[in-house]
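Colleague: Sending over a structure as structure tokens; questions will come in a sec.
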Amino acid sequence: MVNFRKYISSAAVLASGFFLAQSTVSTVLYSQNYDNQKNSLNLPSPVSSMVEKSVLSAKELVDINVNTMMADPVLKNATWGFVVYDPKTKKVISSYNESSPLVPASTTKLLTTETALNLLGENYRWMTQLEYSGTVDENGTLNGNLYVVGSGDPSLGTNKAGAGSYRDIISDFIGGLSREGIQKVNGDIIIQTALFKGNIAMLPENVVWLENNNYYLPAGTTHAINPANEKLIVKKSGFSTEKKFFYVSPYAHQMVYAEKYDGDGILTTKLPDAPAYLANSFRTTLVKSGIPVTGKVSAKMTDPTPENRKMISAYKSPTLGDIVYYTNQHSDNSLAEALLRTVGFQKLGDQTSESGRIVVTDHLKDAGFDMLGLNYIDGSGLSRSNNVTPISQVKFLTSLMDEKYYRSYLTSLPIGGQSGTLKRMFLGTGNGQVFAKTGTLNKVKTLAGYLKTNSGKTLVFSLMVNNYSGSVDMVKKRMEKILEPALDL
């Protein structure tokens, strides 16, 4: 907790030494007209920056900004915490409510993506293979079945992180058939997807589906998502006299009402099961290309008596490093949830979210994470039941700086004013110096990562705000204001 009283003497120096300043730090916390300008983004300014920097140290300015924000109308009734930490000295430079458990929103992805990198390695790839059973006769007829064997690739067919499109993968598969001399398939196309079996039956706990009329992809599915079909909106009347629009899950028969309809007309769409969509598209393309398939497309979850098979072609996903980069830059919820399930399967042989949670929390314990105040519910941060403390976030991020994958992890974070979800923040001061993961839910705004100071030092910070007043843009401006003097540390 910052002690504001120790800066009284500094404020006195400012008052006497700089008579042009209109008031002292202790009296001017924000404009009295602020309450009549609730939509304004004007920030409180204790004293002019020239006066501040000529008398106070950078640390004192950080502390003063924190104390100023404690009285700011946007934050004074909020629950929020802040830490800026020096990884070299292992000391807190400035903090406020550093040990308070807060809703982290998408900064939860910091834990999920790091666990995946640590356990699987940044060069890990998912494989989707085309195999065949039986024999190929002299006429090029395959008397047997084709198998599409999946491995839970969360990017399959999405073009995310450089992933191939369905068309590209099918083209590779057909090229493989050509190399084997197969001109006709006298059998079925079988989808082998035992790794991630079954769709979710109910919504994960406290997952936010709709916030301020913005759609959030439902958590809990490892099926690849076609970007064109991510937003499933249905317009229908008769459910409520006040709210006539709702969002519907493709996997669970549940809906969330919305005040506003974001689509044009009535939009209905089906979200494809990635392996099934690939296999059916493959069969259709084969037939159109003059390669008849006598059988049908079917799925096998288990295969107690597997046929002898030969691999024809294998599609490799982008590397895990590429997937993590896309996940953190775009705050992609579906990829984060898929990573959660992947680490669960790799360590415990079970693809459920619960196994993923066990693996992540066990990994964090082994890594010395401060578990006090941690509640890790999902991989994406959509659940409001997630909790973490600012001090545990910064110590965790500090510990990663010695890991071999740190460069890949750091590169995955959005850069202030330049990339990802931070592209519109820190457009002036801090541009190119803030490397951090953002988090946003209704009345929740968070930011955690690394800060490159003007002197070349790397600092670690966490800033989480819950239940603020005003708009999210107001909170973002105040976040920038709090961090601004830290650049001079």
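The values are calculated or read from the model by the stated rules, or taken from the named source; none is laboratory data. Everything numeric in this text was worked out from a predicted model, so none of it was measured. A quick note on method: Cβ atoms are made from the backbone with ideal geometry, for glycine too, and the neighbour counts reach across all protein chains shown. Areas reflect the complete protein model, heavy atoms only, side chains present, ligands, DNA and RNA absent. Shrake-Rupley method; radii C 1.70, N 1.55, O 1.52, S 1.80 Å.
Colleague: Under the condition of being acidic (Asp, Glu) and not in a helix (DSSP H, G or I), which residue from segment 52-91 is surrounded by the most Cβ atoms within 10 Å (Cβ to Cβ)?
Modeller: ASP72
Colleague: Okay, moving on. Within segment 92-111, track down each residue that is buried (at least 22 other Cβ atoms within 10 Å of the Cβ) and of a type outside the set (Ser, Thr, Tyr).
Modeller: Keep residues of segment 92-111 that are buried (at least 22 other Cβ atoms within 10 Å of the Cβ), which gives 94-95, 102-111.
Matches in segment 92-111: LEU102, VAL103, PRO104, ALA105, LYS109, LEU110, LEU111.
Colleague: Search segment 283-294 for residues being modelled with pLDDT of 95 or more and surrounded by 19 or more Cβ atoms within 10 Å (Cβ to Cβ), and hand back the single one that is farthest from LEU410 (Cα to Cα).
Modeller: Ranking the candidates gives VAL293 first.
Colleague: So TYR376 clears everything in (1) under 23 Å from PHE345 (Cβ atoms); (2) of a type in the set (Ser, Thr, Tyr); (3) touching an Asp or Glu at 6+ places or on another chain (Cβ under 9 Å) except one condition, right? Which one?
Modeller: Result: TYR376 fails condition (3) only.
Colleague: Could you check THR115 against (1) assigned to a helix (DSSP H, G or I); (2) at pLDDT below 95; (3) not small (Gly, Ala, Ser) and say which number it fails?
Modeller: (2)
Colleague: Moving on to the next point. Taking VAL297 as the residue in question, decide whether it is without any contact (Cβ under 8 Å) to a residue 40 or more places away in the chain, touching a strand residue (DSSP E or B) at 6+ places or on another chain (Cβ under 8 Å) and open to solvent by 20 Å² or more (accessible area, probe 1.4 Å).
Modeller: Answer is no for this residue.
Table: residues versus (1) in contact with a helix residue (DSSP H, G or I) (Cβ under 9 Å, 6 or more places away or on another chain); (2) closer than 30 Å to SER178 by Cα; (3) among the polar types (S, T, N, Q).
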{"residue": "ASN308", "(1), (2), (3)": "no, yes, yes"}
{"residue": "LEU340", "(1), (2), (3)": "yes, no, no"}
{"residue": "ASP370", "(1), (2), (3)": "yes, no, no"}
{"residue": "ASN375", "(1), (2), (3)": "no, no, yes"}
{"residue": "ASN386", "(1), (2), (3)": "yes, no, yes"}
{"residue": "LEU410", "(1), (2), (3)": "yes, no, no"}
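Colleague: Is it the case that some residue within segment 435-458 is open to solvent by 30 Å² or more (accessible area, probe 1.4 Å) and assigned to a helix (DSSP H, G or I)?
Modeller: no
Colleague: Provide a single number: the residues in segment 137-178 that are assigned to a strand (DSSP E or B) and either free of Cβ contacts under 8 Å to residues at least 24 places away in the same chain or open to solvent by 50 Å² or more (accessible area, probe 1.4 Å) (or both).
Modeller: 1
Colleague: Something else now. Among the residues of segment 318-346, count how many are surrounded by 24 or more Cβ atoms within 10 Å (Cβ to Cβ) and over 19 Å from the mean Cα position of the chain (by Cα).
Modeller: Number satisfying all stated conditions: 0.
Colleague: Still on this structure, please answer the following. Would you be able to say whether some residue in segment 112-125 is of a type in the set (Lys, Arg) and open to solvent by less than 30 Å² (accessible area, probe 1.4 Å)?
Modeller: So far as segment 112-125 goes, no, none of its residues is of a type in the set (Lys, Arg) and open to solvent by less than 30 Å² (accessible area, probe 1.4 Å).
Colleague: Taking segment 293-334, which residues are assigned to a strand (DSSP E or B) and of a type outside the set (Gly, Ala, Ser)?
Modeller: VAL293, VAL297, LYS300, ARG309, LYS310, MET311, ILE312, TYR315, LYS316
Colleague: Same structure, new question: Among the residues of segment 300-317 satisfying the criterion of being without any contact (Cβ under 8 Å) to a residue 40 or more places away in the chain and not hydroxyl-bearing (Ser, Thr, Tyr), which is surrounded by the most Cβ atoms within 10 Å (Cβ to Cβ)? Before the answer, list the steps.
Modeller: Our first condition is that a residue be without any contact (Cβ under 8 Å) to a residue 40 or more places away in the chain; within segment 300-317, this holds for 304-306.
Remaining after also requiring not hydroxyl-bearing (Ser, Thr, Tyr): 304, 306.
Working: PRO304: 5, PRO306: 11.
Restricting to residues being without any contact (Cβ under 8 Å) to a residue 40 or more places away in the chain and not hydroxyl-bearing (Ser, Thr, Tyr), the top hit is PRO306.
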